[in-house]
1. Counting only residues that are basic (Lys, Arg) and either more than 23 Å from THR194 (Cα to Cα) or open to solvent by 60 Å² or more (accessible area, probe 1.4 Å) (or both), give me the helices (runs of 4 or more DSSP H) lying completely in segment 227-324 with at least 1 of them.
2. Filter segment 204-220 down to the residues that are of a type in the set (A, V, I, L, M, F, W, C) and touching a residue at least 24 places away in the same chain (Cβ under 8 Å) and list them by number.
3. Within segment 208-222, is even one residue assigned to a helix (DSSP H, G or I) and either under 29 Å from LEU254 (Cα atoms) or open to solvent by less than 60 Å² (accessible area, probe 1.4 Å) (or both)?
4. Residue pairs, Cβ under 6 Å, 6 or more apart or interchain, first in segment 15-36 and touching a residue at least 60 places away in the same chain (Cβ under 8 Å), second open to solvent by 60 Å² or more (accessible area, probe 1.4 Å). List them.
5. I'm told THR29 meets every condition in (1) out of contact with any Leu (no Cβ under 9 Å at 6 or more places or on another chain); (2) more than 16 Å from ALA249 (Cα to Cα); (3) open to solvent by 80 Å² or more (accessible area, probe 1.4 Å) except one. Can you identify the failing condition by its number?
6. Filter segment 79-94 down to the residues that are free of Cβ contacts under 8 Å to residues at least 40 places away in the same chain and surrounded by 15 or more Cβ atoms within 10 Å (Cβ to Cβ), then identify the one that is nearest to THR224 (Cα to Cα).
7. Any idea which of VAL164, VAL193 is modelled with pLDDT under 95, under 15 Å from the mean Cα position of the chain (by Cα) and open to solvent by less than 20 Å² (accessible area, probe 1.4 Å)?
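The values are calculated or read from the model by the stated rules, or taken from the named source; none is laboratory data. This is a predicted model, so every value here is computed, not measured. Cβ placement follows ideal geometry from the backbone for every residue including glycine, while neighbour counts extend to all protein chains displayed. What goes into the accessible areas is simple: the full protein's heavy atoms, side chains included, and nothing from ligands, DNA or RNA. Shrake-Rupley method; radii C 1.70, N 1.55, O 1.52, S 1.80 Å.
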Amino acid sequence: MTIPPSSSAPSAGHRARLVRGAILLLLVTLMLEGVARWVVRSESLLARISSPFDEASWRLRWVQRHRGGEAPYAFSFDVHHPVRGWAVAPNVRNLEVFGGKRLNTDSNGLRGAREVPFEKRPGTLRIAIFGDSFSFGEEVSDDETFAHQLERLVPGVEVLNLGVHGYGHDQELLYLREALPLYQPDIVLVGHVTDDSMRNMLAFRSFAKPWFRIAGPGLELHGTPVPTPAEFLAGHAWGSRFLDLLTMARERLLWRWGDRVGETDRLTDAILTAIFREARAAGARPGILLLPVWGELGVADPAPLPGEQFVAAIAARERVPCLV
């Protein structure tokens with residue numbers, strides 16, 4: 001007796017249709033990936049679709065500049081840092097930067113012409129300033145930074161400039177954890193501009209960087225050790241540019257209609273709170289500086305930005321002086 005084939009087994013025609021469908025899907029995927037790679041290699045097209053709100057835009061622009069022969073970091077005085085992503089190079093001597101300005105750093109990368117010892121002088125009040133390019137002093141010489149001017153104006157005060165261009169609060173927290181045991185400052189000041197909060201959401205900005213996410217009652221660190229530029233490029237070549245474009249589109253929608261602002265505020269609150277509390281635990285008094293930017297410069301009494309109001313509220317809750 002002949003046993004008929006099971007009706008659940010796929011027929012030869014059905015298998016052929018599955019194979020053709022898989023081949024078609026593969027071809028469409030390859031075509032989309034090819035178009036996406038052409039788009040991101042076009043400087044003009046990438047400039048039109050990229051934004052400051054997603055890490056894919058920053059990363060693709062960085063790769064494009066690197067292919068064009070530019071140095072891997074934003075400035076010649078930048079160096080790779082496995083924890084913070086990038087840092088100011090140590091032992092910079094009278095380097096001409098920013099169109100005729102002068103830059104010096106000590107053996108640990110602190111800005112200024114003098115060498116800052118770990119142990120402070122007796123009778124000296126030591127202030128450590130953390131922040132981004134506004135605190136570091138982009139576009140100005142060493143003696144034009146507000147850190148230098150503060151030290152010059154207040155007798156008996158030693159001010160350490162630990163600002164690094166492009167940093168978010170996340171990198172500042174990691175830098176603070178490194179520096180507090182070494183320098184043991186009496187006061188910790190955090191220079192804040194609104195962009196710092198947005199940078200907390202990114203895993204790539206001036207280069208690959210660490211990032212925090214809220215985990216239970218605390219913060220969870222991701223992205224370390226940060227790869228070197230060569231390591232990053234080697235891994236980036238295998239990524240999907242089509243997925244990058246989808247990510248860029250998704251982030252635009254989330255910033256417009258989603259809860260990205262709320263997520264940014266919650267993360268910024270958690271990181272700044274950690275900075276304030278860890279500074280206090282190390283014996284330092286924390287404070288935050290709301291620095292004037294863009295259209296605020298030269299205005300006698302500029303209205304506080306929404307992000308500045310939010311940060312000021314965090315400082316008030318934590319009983320931390322907020323200087324405008």
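1. Here the list reads 241-257, 260-281, 306-317.
2. Initially, segment 204-220 is screened for residues of a type in the set (A, V, I, L, M, F, W, C), giving 204, 207-208, 211-212, 214-215, 219.
If the condition is that a residue be of a type in the set (A, V, I, L, M, F, W, C) and touching a residue at least 24 places away in the same chain (Cβ under 8 Å), then PHE204, PHE207, ALA208, TRP211, PHE212, ILE214, LEU219 are the ones that fit.
3. no
4. Partner pairs satisfying both residue conditions: LEU32/PHE242; GLU33/PHE242; ALA36/PHE242.
5. (3)
6. Taking segment 79-94 as the starting set, the residues that turn out to be free of Cβ contacts under 8 Å to residues at least 40 places away in the same chain are 79, 89-94.
Narrowing the set further to residues that are surrounded by 15 or more Cβ atoms within 10 Å (Cβ to Cβ) leaves 89, 92.
Values: ALA89: 20, VAL92: 26 Å.
Only one residue tops the list, namely ALA89.
7. VAL193
This table checks each residue for (1) at pLDDT below 95; (2) under 15 Å from the mean Cα position of the chain (by Cα).
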residue	(1), (2)
ALA36	yes, no
VAL39	yes, no
ILE49	yes, no
PRO52	yes, yes
VAL63	yes, no
GLY69	yes, no
TYR73	yes, yes
ASN94	no, no
